[in-house]
Structure formats: C-alpha cells, structure tokens
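The next block holds one structure in the form of structure tokens; read it before the comments.
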Amino acid sequence: MAAPFLIPQCAILVLAISVIRSTSSDIFLDWKVSFDFNVKPVSTDQPVITINGMFPGPLINASTNDIVHVNVFNSLDEPLLFTWNGIEQRLNSWQDGVSGTNCPIQPTTNWTYVFEIKDQIGTFSYFPSINFLKAAGGFGPIRVNNLPFISLPFPKPEAEFDLLIGDWYNTSYKDIRSNLNTSDDVMNPNWMLINGKGPYLNTLSKSYETLNVTQGKTYLLRISNVGTYWSFNFRIQNHEIVLVETEGSYVNQLKLESLDVHVGQSYSVLVTANQDSADYYVVASPKMLRTATNSSSLTGVAVLHYDNSTTQANGSLPKGPDPFDLEFSIHQAKSIRWNLSAGAARPNPQGTFNVTNVTISETFILEASMARINDSSSSSRYAVNNVSYLTPDTPLKLADFLVNGSGVYELDAFPINTSNKNAVSGVFVASAIYKGWTEIVIKNSLLHTIDSWHLDGYSFFLVGVGEGKWRSESRSSYNLYDPVARSTVQAYPGGWSAVYIYPDNPGMWNLRSQKLKNWFLGEELYVRVYDPDSNPTKEKPPPENLLLCGKFQPPFPSPSPSPSPSVSPSPSSKANTLHTPRYHIAIIITTAICFICIGGLH
C-alpha cells in the first residue's frame, strides 16, 4: 500500500537537487594586484597594495554554496598569496593560499583560485598571507549571504556596511620586515584606519570614512579587524549596537555599548538610527595601550551621518572601557554564545548543535612564547611549544601529495602537549585524528599582549577562556552547551583559551597567531588531517593549474606509490582522479533511488 507514495517522494528529491543547484552560482573575479604610492591614507610616502586600484580591496559578495573564481595578476615586485580568512575550503586545502599549501604567484604572472563557499553564512575577510605584505594592504571584505529560503534570525536591515578596521604603519612594510629579521627593537603600528582612511579630526588624514543612514532605519555593520597588531574596542556615540553574528555563526543577540574585536576576527552588529538627526562619532581604540584624546592617530574615528543632518559630530569621543581592563574583555567573550535556534549559519560537522556529550580523542596544549634559537645572539623569534616555525621552500601540501612529505617535513616531530626542551627552528607539522574530537588549549605566555589564534579549514568551538595557568581542573569551567563556533579566538596575557574542533576536513591546515609580527617570526604550525578512505570525493585532487616550486619543478612528478617511513600516507597521494561535481553525484544517487522506488511498484 505504501508504493503509490514513492513516486511523489522521488519527485521531491529531484526537485530538492534542482533547487540546490539553481541557487548555487559561479562568481568570476579578475584582480590586478599592484603597489600605489599615491594612496597615502596618512599623508606619508609608502607603497600601498591595491586591487584593481582599490584600497581596501573589492568586496567578494557571495551566497553560501557559490563557487568563487579569483584570477590574481601579480604586479608586485615579489611573490604573492591570498588567504580567505575563515572560509573553510571544505575538502580543498589546495585553495587555502598560505605557504604550507600553495606555491606563491610570482611577479608578472597570474593564478586563479577556485573555491566553494560551502555551508557558511556571515562576515569574513581576505588578505596577503606571505612576506609581511598584509602590512601594506591588499585586504578586503567577504560577505557570505544566506540562500533565499533560509531566514535571518533578525529583521532584514535597510543596508549593510563593511568596516575593515586595523592598525597601520607610517613607513614601508619592507623596512618593518627588514627590522624584524635583524632587531628586537621593532616599533609598533602608528595609526588606526577605518576602511583605509585616517581618523576624523586628525590633520594628517587624507580622508575619513562616513556611514550615511536614515533616521529610524536599522543597518548591519560587518566589522573585521584587518590589522597587524592591536585589538580594538568598537563603539558609536550615543548608539547601542546589537551583536548578531561572528565568522559564520549566529549568536544570541547581545545589546552592547562597545565591542572588543581582536586581530583577524569579524563580527556583524545591528545599529538603529534612533537618535536626533546629527552626526556621531564611530570609534575604534586599541586595547592594551593608552591613547591621547580626539587627535590620537591610534584611535580610529569615522562618522555616522544622518542623511538630513546639519550638525557635525562634536564633543569628546565616546568613552570605552579601560584598555587594560581585561576583566571587561573576558566577561564579554564569555557572554558571546551560539544561537542554537537559528536556522543557519552552522559550522561543520553539520548537525552538531552543541558539544555537551562529545568524547575527546586527543588534546593539544600549545604555548606561545618568545625565544632565542639555540641561544644565538640573533633577534628573538616567536615559538609554539619552544618551536619557531621554519618555512620550507616546498609547500607541505605539495610534498604530501607527491612524496608523502619525505624530505620536506617529518610528521609529529615536535611535542603537542609540552614545550620542546630547547628553543629550535623547525617545520612543525602535527597530525590530528580524523573525525576524532580534538581539544586545543592555547596558552599565552606573552604577558603584555592579547594574542589571537586562527585555524584554517575549521571553526573552533570556544569552550573556555581563563586567566592564569590552565590545568586539567580548568575543564570544569568549560561551556559545553552553547559555545560559539568561530575561526579566530583570543588568548589574554598570561591566560588561556580552550577550543574543540572536529577534524573531518582532510588536508594540511595552518594554525597560527593572527598577529602579523608573531606569525612572520614563527608562531605557527600545521595540522595534517588524513582520511584513510581512498575515495577521491573525500578530498579534492590538486587543481589543473597547480603551481610547482621548491623541490618540484615541471614536468609534474608522479605521486609516490607508498608512504615514507616518517609520514602517514596522504589521501591525495592516490590516483589523480578528476573531482566529480557535487550535483552530478546527487543526481546519480537520486536517480538510483527513483529507479528502486519505481521498481517497487511492479
């Protein structure tokens, strides 16, 4: 009697496949990346990286499941890579754009990134990932919009604004980079820019940013800290903000007077233009630093302008929390909770709405510190567990695919739970258990700075934030019910942060400090996630336009038939089978189901 219902069910399945495919688009972008000496955001002569003449770079405006093609023409005088901060690159670390996954795009050449923005909705950013280039610009916003049939957990705003906020040096990034390699006495940034513009009220600012609003309307502000060093506190004069999303996760809505944003982090907030018609200050001031009054170059200032306003912003800047008040910041961090009732955005693993009952398979305890390598008299390096990362000429992912890493890195050569006895430089690659829940404890021994950590390919479930030393007893303070899932978490001076991840995304993934100086000087490692299943749909093979470098030059070497003794076999060391598009697979499966269903009628 149930058979007559099978044909309608098949029709629904086919329709669902058609809807998914019809709502997925290909986005094609051509970027010319070059230096511009005329931008001068703070009236100083320095090279600024522009994309198609824009600083900051152009918006990538996509919807979840879209496929983005970015053809990058490198007109700089040195190699270039872009990374897509917070985009998970499901099954496709080949497109991640960091030194461990990609050969750089050489000057006067181009290369096309192709990646799917899979199952993500929210606010993200992109930036150059090598050679300290981020300090010269080249960053820009990424919006990932929901599909039409996925509702927002808040009323649709009147409009959206991208706010790329970050510190800025008033000299060439090349000079800073040179000093980093030779001296411990490297100056901190000099300015705070908002959308590449200097502070309102500062006479050296070439221009300042203005947000135009209409009285009574509500707007979505997409805030990203694209700086190199300073966390900042964000606030708007006489206006409350409502936090709604961070890096792909909707959160329980929080009404705030101000919001701390750490390096590499992104948030979405709502603001309603519910004050008298006038202009109001929009402020971003650094944490862990005392600044002067309205004229300070390190306090970013923009203007919220009501469209019928005739009154300029006036008075003192709105006062935020004390920049050294870590209790305020820690309390706010713990208050940001995942919205378990929202229809999306949800990180992988799909369907995991809390981590209350998960079983932890392994624990990484990673301590950030400064060290002199082998007691040398050279400048200090940054280290993780007393290992300062040494970037090889050959990308790890390339070596993993072609020779199972042999001669480029040794898997699990350094400790992940304790510090190495002596400070060393090395290619730090740790393995994670595929589909085994992993706890990562990040300890910050840098006592005068708020560190900021990021893992490509994943979202962290931020289960704990604490001061002082982390101990196993600290787990009793974890929030396992609704921890927010995000790709960048802060670790406070002398404190710790604890996260859970679910390593279900095979590949080679960069785990790093988002603070550019720390990252450049070795505060990073790579996490290798290996799926033993040889099915080529489990991890995408190298792209057809794969670049070769380091140990490997054209013609393309054949993948190694067997693993080296020191490294586990790579899933991508199998035959170079072309990846079957997801909708073809879905149609094949659906067709098979339908034939089975129809057969049941006879």
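Numbers below:
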{"item": "One residue from ALA3, ALA62, ALA11, ALA16 being at pLDDT 90 or above and small (Gly, Ala, Ser)", "result": "ALA62"}
{"item": "Breaking point among (1) among the charged types (D, E, K, R); (2) within 15 Å of the chain's Cα centre (by Cα); (3) within 21 Å of THR246 (Cα to Cα), for GLU116", "result": "(2)"}
{"item": "Qualifying residues in the stretch 244-265 (those that are of a type in the set (S, T, N, Q) and in a strand (DSSP E or B)) - the one farthest from LYS319 (Cα to Cα)", "result": "SER249"}
{"item": "Residues that are of a type in the set (S, T, N, Q), on the phi < 0 side of the Ramachandran plot and in a loop (DSSP other than H, G, I, E, B), drawn from the stretch 38-95", "result": "ASN38, THR44, GLN46, THR64, SER75, ASN92"}
{"item": "Filter pass, VAL499 being under 30 Å from ASP325 (Cβ atoms) and not small (Gly, Ala, Ser)", "result": "yes"}
{"item": "Count - residues of the stretch 356-378 that are modelled with pLDDT under 95, surrounded by fewer than 17 Cβ atoms within 10 Å (Cβ to Cβ) and small (Gly, Ala, Ser)", "result": "3"}
{"item": "Restricting the stretch 183-235 to residues that are over 30 Å from ILE121 (Cα atoms) and of a type in the set (Ser, Thr, Tyr), the residue that is surrounded by the most Cβ atoms within 10 Å (Cβ to Cβ)", "result": "TYR200"}
{"item": "Complete set of residues in the stretch 384-410 that are within 21 Å of PRO541 (Cβ to Cβ) and not small (Gly, Ala, Ser)", "result": "THR394, PRO395, LEU396, LYS397, LEU398, ASP400, PHE401, LEU402, VAL403, ASN404, VAL408, TYR409"}
{"item": "Boolean, VAL98 is buried (at least 22 other Cβ atoms within 10 Å of the Cβ) and assigned to a loop (DSSP other than H, G, I, E, B)", "result": "yes"}
{"item": "Considering residues of the stretch 180-202 that are of a type in the set (Ser, Thr, Tyr) and assigned to a loop (DSSP other than H, G, I, E, B) only, the residue modelled with the lowest pLDDT", "result": "SER183"}
{"item": "All positions within the stretch 266-275 that are over 20 Å from THR228 (Cβ atoms) and either assigned to a strand (DSSP E or B) or free of Cβ contacts under 8 Å to residues at least 24 places away in the same chain (or both)", "result": "SER268, VAL269, LEU270, VAL271, THR272"}
{"item": "Filter result for ASN233 (in a strand (DSSP E or B), touching a residue at least 60 places away in the same chain (Cβ under 8 Å) and closer than 17 Å to LEU164 by Cα)", "result": "yes"}
{"item": "Every pair of residues 6+ apart whose Cβ atoms lie under 7 Å, when the first sits in the stretch 203-214 and is within 14 Å of ILE165 (Cα to Cα) and at pLDDT 95 or above while the second is part of a strand (DSSP E or B) and open to solvent by 50 Å² or more (accessible area, probe 1.4 Å)", "result": "TYR208/LYS197; GLU209/LYS197"}
{"item": "Qualifying residue in the stretch 156-176 (condition: open to solvent by less than 40 Å² (accessible area, probe 1.4 Å), part of a strand (DSSP E or B), modelled with pLDDT of 95 or more and of a type in the set (S, T, N, Q))", "result": "no"}
{"item": "Hits in the stretch 517-545 - residues which are in contact (Cβ under 8 Å) with a residue 12 or more places away in the chain, surrounded by fewer than 17 Cβ atoms within 10 Å (Cβ to Cβ) and over 24 Å from PRO503 (Cβ atoms)", "result": "ASN545"}
{"item": "GLY138 vs. criteria crowded, with 20+ Cβ neighbours inside 10 Å, without any contact (Cβ under 8 Å) to a residue 40 or more places away in the chain and over 15 Å from ASP66 (Cα atoms)", "result": "no"}
{"item": "Selection status of SER497, within 29 Å of LEU390 (Cα to Cα) and touching a residue at least 24 places away in the same chain (Cβ under 8 Å)", "result": "yes"}
{"item": "Residue within the stretch 240-250 that is within 21 Å of ASP279 (Cβ to Cβ) and surrounded by fewer than 19 Cβ atoms within 10 Å (Cβ to Cβ) present", "result": "yes"}
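The values are calculated or read from the model by the stated rules, or taken from the named source; none is laboratory data. These numbers were taken from a predicted model, which means no experiment stands behind them. Neighbour counts are summed over all protein chains in view; Cβ atoms, including those assigned to glycine, are modelled from backbone coordinates with ideal geometry. Accessible surface is based on the protein model in full, side chains and every heavy atom, while ligands, DNA and RNA are left aside. Shrake-Rupley method; radii C 1.70, N 1.55, O 1.52, S 1.80 Å.
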